Amino acid sequence: MKITQVLYKQNIGRLIKWQWRVQRKKTLIETNAEKVLASRNIPIIDAKQFLHEPLFEAQKQDVQEIFNNIVGPVKLEPKLNNTHPLWNDDPCLVYGDHNVLVHGLEQAKVFTNAIEPEPGLPKYFKELYEAYRLPNQDEHIQRIIIASILYDAVQEKLPIKKDPKRPAWKFPRDYGIPDKRRNNLIVSRMLQLCESSVGNMSSNKVIAKDVFFKVPLQRNANISLNLRADLLLLSDTSLAPVMDDIQGDLPDLSPLDYKISLDEINIYHKDEFISPITGKFNNVHTAFIHYNETEVKNLYETPVLETQIIGRSLMKCYAFAVANAKSKYGENVKELPEPITLQCIHTNAQWFHFSVFQLNSLAGPEENGMKNIYWQTPLLNLYKNCVFDEGVPVLEDYNPEVFKNVLSFYMNGTEYEIK
């Protein structure tokens, strides 16, 4: 073993600490200049007579003015209890975007005072369904699906997967196109294809995105429908009513109340109505609503059923129709001068649900008023699977009937014939 040379290396860290300790206090060095000047009878004047410390802007102001400019401490947010300024002892039942009704479509029919006269859409939609067709529309739609599901460049961390049978198991995190963007891409591109087919006739419609509605109702309780239309097609003319009146009985939910499974809150603005539908385009033509599995959940943590999805469509149709009626005829309207008719397309970018709603009255199920009318189709799959198979994009079981319904909904109320 060879002994290395001894190096007397200094500890730089200890030396730096010692240097800071020595020089942290400045010591005055006596130069004897004052004694020399005094011996020669030279007067010495203090420099503070001519040099003054700089004044800050606040020191130049008056004391009272300074106190007036003091903002003070930040106000804390009010506590979410009965000391809150918006607290109401009478709770409000809220139906939001994340809610589904426990009894699904049957409960939604009672809530909205609506009757379904027959399965399927109104008969005149069959004529629209057969009359309108775009050149190479199936090829266009297949390209739209692949571009929206596979080719989009946005890649984000997707929600965490959960297995109910293995709640402790952690799945690897997936990256891909978020549900909201995928839904928005497919719907907006379908609408763009419809607009390109009618030319100048599309000028009587406008598109609004992420439109929020807050509709208060009085049903032996304070009820508020706080819902969002992901994409709203507005028109300058209203859709014609399908039927004048309808007779029938509502479903029997006993012993349950039709307001069950709504959220109860005590902090709210009473009778607050929010609807941005104003101006020339004040008629709801078609509402597009997105179904996001991570957002829409059952109150009792059970899987969402198909009847609850259809009930969600009916609840949103009712909220948008009531908001449209109150915007046109006043917030206190009960019996409408003419019915409000609108269309709704509910989708998760794979299945589509089409429905038509006619609002005849704002009366609740407790009152003996006119019944509202609702038509709807079962859930239609646009495709079965859209994936990369060994690097090749594959679209399985494309259903051309879906876009035919979308096109017939768009062309409803438009006097135009596609050659």
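Taking the Cα centre of the chain as reference, the dipole from Cβ charges on Lys and Arg (+1) and Asp and Glu (-1) amounts to some 3300 debye.
Which value, in debye to the nearest 20, describes the size of the charge dipole of region 1-144 about its Cα centre when Lys and Arg Cβ atoms bear +1, Asp and Glu Cβ atoms bear -1, and nothing else is charged? Write down the numbers at each step before the final one.
Values: 19 positive and 18 negative charges, 453 e Å.
It works out to roughly 2180 debye.
Spacing of the modelled spin labels on Ser254 and Ala240, each 7 Å from Cα toward Cβ, amounts to 4.2 nm.
Calculate the FRET efficiency for Arg219 and Ala153 from the Cβ-Cβ distance with a Förster distance of 45 Å, rounded to the nearest 0.05. E(calc), rounded to 0.05, equals 0.40.
Farthest toward the positive end of the dipole of the chain, out of Asn11, Leu253, Gln192, is the Cα of Asn11, where the dipole comes from beta carbon charges about the Cα centre. What does the net charge come to around Leu380 if you take all other residues with beta carbon closer than 14 Å to its beta carbon, with K and R at +1 and D and E at -1? Summing Lys and Arg as +1 and Asp and Glu as -1 gives -1.
Once Rg/Rh (Cα atoms, Kirkwood Rh) is calculated for the structure shown, the corresponding label among [x] 1.22; [y] 1.30; [z] 0.96 turns out to be [y].
Taken as entire DSSP H runs, the helices of the chain that both span 30 Å or more between Cα atoms along their own long axis and average -0.5 or more on the Kyte-Doolittle scale are 306-329. The length gained on full extension between Lys270 and Arg24, counted as 0.36 nm times the residue separation minus their Cα-Cα distance, comes to 82.0 nm. So what is the relative contact order of the chain, in percent, for Cα pairs below 8 Å that sit 6 or more residues apart? Relative contact order for the chain comes out at 23 percent.
Simple rule: put +1 on each Lys or Arg Cβ and -1 on each Asp or Glu Cβ in the chain, find the dipole, and look at Trp169, Val206, Asn226; the Cα lying farthest toward the positive end is Trp169.
Within region 94-194, list the chymotrypsin sites (Phe, Trp or Tyr not before Pro) lying in a DSSP loop whose Cβ has at most 15 other Cβ atoms in a 10 Å radius. Kindly include the intermediate steps, with their values, before the conclusion.
Working: sites: Tyr95, Phe111, Tyr124, Phe125, Tyr129, Tyr132, Tyr151, Trp169, Tyr175; in loops: Tyr132, Tyr151, Trp169.
Those that pass, being in a loop and sparsely packed, are Tyr151, Trp169.
Since every read-out is calculated from the coordinates, none of them should be taken as a lab result. Just so it is clear, the structure is predicted and the values come from calculations on it, not from any experiment. With ideal geometry, Cβ positions are generated from the backbone for all residues, glycine too; neighbour counts draw on all protein chains shown.
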